[in-house]
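Taking it in order: structure first as C-alpha cells, then the write-up.
Bear in mind these aren't lab numbers, they're just calculated from the coordinates by the rules spelled out. As the structure is a prediction and not an experimental result, all values here were calculated from the model. Here the Cβ is made from the backbone with ideal geometry for all residues, glycine too, and neighbour counts use every protein chain on show.
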Amino acid sequence: MNLRHLEHLLALSETGSFSRAAERQHLTQSALSRSIQALEDELGARLVDRAGKHNELTPLGQAVAARARRMLLEAAELRRTAALLKDGDFGSIKVGLGSGPGVMLMRPFLTHMARHHPKVQVSVSPGATELQLMQLRERTLDALVIDERRLAPAPDLTLETLGEMRGGFLCRAGHPLSARAGPLPFEAIAAYPLASTPLSDEVARGLVGRFGPAADPALAVTLRCDDISSLIDVALASDAVVVCIVAAARAHLDAGRMMELDIGAPLAVAARFAMVTLAGRTEAPSLQLLRQFARERLRDGAATAGAPPA
C-alpha cells in the first residue's frame, strides 16, 4: 500500500475539499483525485462521497483514515530511528522546561553542551506546561522537564522522576520582615504581596495544612506568572515575597541580595521534577545527556543555579 495515497486521503479528510487538500500536498487537483482513486481501486470500495464541492468520507473511508494516521506516524518514527542511528552524537534535541527547571537548567545545560558536545543541535525553551505538553504530542519537542505534580497521568506519556528541591519564602535583603526575630506567622508574610508560579493542588494542600486556609494560593498569591526568574526580580525590586525553590535564588542568597524568611520548620512540600517523553517514540541518543545533567542539577545541594558546570 502506497503511503502517499494514505497521506492524500488524510489531507482530504482534514480539509473536506479536493482543491484545499491538493494545495496542502503541493499537487494539482487532478493528481490528488487520481491518488484517491488508486487507493479506492486497491481496496475495492468507495472511500469518498463526491457531491459537487462537498466531499465526505464514507464509513470505510473514515476507518481507513483513522488507520492511515497511525500508519503514517509509525512510518515517521521508523525514519526518525534510522536518522538517529545514523547521526549518533551529531543529532538534535528539542526540550521544553517548566519554570523551576528553566532557572536551574537552561543556561548551565546550554553551556555544558557547547563545551562537551558541540556537534549536537540543542533547542531549549521555557513555557507553560499545558502548551509544552501540546508541543510534545505534536512532536515539535522531544522531552519536557517539569514539576511532575503539574502533570495529569496519561497513557501516551512516559514520566521519569529526576529529583526534588525544597521551597521557601524569599525576600530582598533589607525587607521590613528581615528585622523581625523568630519564626514568622503566615499573617506577617501575607501583609506583603506574595508572588508565585502556578502551584499544584498537592503543594496548595500542603501550604493550607501548614498555615491554615489563609495560605491557600488561590487567595494568598497576588503576583503569579510561569517565570521564576521574573518573580525573583520583582522581589529584589519591591517588598514582594516570593515562594519558590530556594535553589532558584541561590546566587542572590549567596551574594546577600536576598534572604530566606524564618518560618520555623522547613516547608514539608517540595518541587518534584520529572522528565516527560512521548510513549512509544524513539528517543534521540543525545537525550540521555539531558537526563544525566538534570539528575545532577535538580536536587538540593547541587551546583548554584545559573553557574556554568565544570
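Per-residue 3J(HN,Hα) values for region 184-201, derived from phi via the Karplus relation 6.51 cos²θ - 1.76 cosθ + 1.60 with θ = phi - 60°, read 8, x, 4, 4, 5, 5, 5, 6, 10, x, 10, 10, 6, 6, x, 10, 5, 4 Hz in sequence order (x marks Gly and Pro). Quick check: net charge around Leu73, other residues with Cβ under 12 Å of its Cβ, Lys/Arg +1 and Asp/Glu -1? Residues near Leu73 contribute +3 overall.
In order along region 55-67, phi translates into HN-Hα couplings of 10, 10, 6, 6, x, 5, x, 5, 5, 5, 5, 5, 5 Hz, rounded to whole numbers, per the Karplus curve 6.51 cos²θ - 1.76 cosθ + 1.60 with θ = phi - 60° and x for Gly and Pro.
Based on the alpha-carbon gyration tensor of region 20-63 and its eigenvalue square roots a ≥ b ≥ c, which shape applies: rounded if a/c is under 1.5, prolate if not and a/b is larger than b/c, or oblate? Since a/c reaches 1.5 but b/c is at least a/b, the shape of region 20-63 is classed as oblate.
Given that just one value was derived from the coordinates, which of (i) 18.4; (ii) 20.5; (iii) 21.5 is mean projected area of the Cα convex hull in nm²? Evaluating mean projected area of the Cα convex hull in nm² on these atoms matches (ii). Taking amide H as placed 1.01 Å from N in the peptide plane, Thr58 has its amide H under 5 Å from the amide H of Val48, Asp49, each at least 5 places away in sequence or on another chain. Subtracting the Cα-Cα distance of Arg50 and Arg224 from their residue separation scaled by 0.36 nm leaves 57.4 nm. Loop-resident trypsin sites (Lys or Arg not before Pro) (DSSP state other than H, G, I, E or B) in region 89-163 with no more than 13 further Cβ atoms inside 10 Å of their Cβ: Lys119.
For the chain, with a Gaussian network of springs between Cα atoms less than 10 Å apart, report the residue from Ala45, Ala68, Ala249 with the top mean-square fluctuation. Comparing Ala45, Ala68, Ala249 in a Gaussian network model of the chain, the most mobile one is Ala45. What list do you get for Met113, Met134 if you sort them by fewest beta carbons within 10 Å? Least to most surrounded, the residues fall as Met134, Met113. Under the shape rule built on the C-alpha gyration tensor, where the axes satisfy a ≥ b ≥ c, region 164-270 is rounded, since a/c falls short of 1.5. Shape class of region 3-86 from the alpha-carbon gyration tensor: prolate, with a/c at 1.5 or above and a/b greater than b/c.
Under a GNM of the chain (C-alpha, springs under 10 Å), which listed residue has the highest mean-square fluctuation: Val242, Val221, Val276? In this elastic network of the chain, the residue with the biggest mean-square fluctuation among Val242, Val221, Val276 is Val221.
Among the GluC sites (Glu not before Pro) in region 134-241, which ones are in a DSSP loop with at most 10 other Cβ atoms within 10 Å of the Cβ? Mind listing them? Passing both the DSSP loop test and the Cβ count: Glu138. The HN-Hα couplings worked out from phi for region 252-267 by the Karplus form 6.51 cos²θ - 1.76 cosθ + 1.60 (θ = phi - 60°) are 5, 5, 5, 7, x, 7, 10, 9, 8, 6, 7, 10, x, 5, x, 4 Hz, whole numbers, x standing for Gly and Pro. Per-residue ellipticity at 222 nm, computed for the chain from helices alone with -39500 (n - 2.57) per DSSP H run of at least four residues, works out to -13500 deg cm²/dmol. Close amide H pairs (under 5 Å, H built 1.01 Å from N) link Phe169 with Leu261, residues at least 5 positions away or on another chain.
Summing Lys and Arg as +1 and Asp and Glu as -1 over all other residues whose Cβ lies under 14 Å from the Cβ of Ser30 gives a net charge of +1. When both region 257-275 and region 88-154 are represented by their alpha-carbon centers, they are found 24 Å apart. Between Ile146 and Gly98, Ala274, Val276, the built amide H atoms are under 5 Å apart, and every one of these is 5 or more places off in sequence or on another chain.
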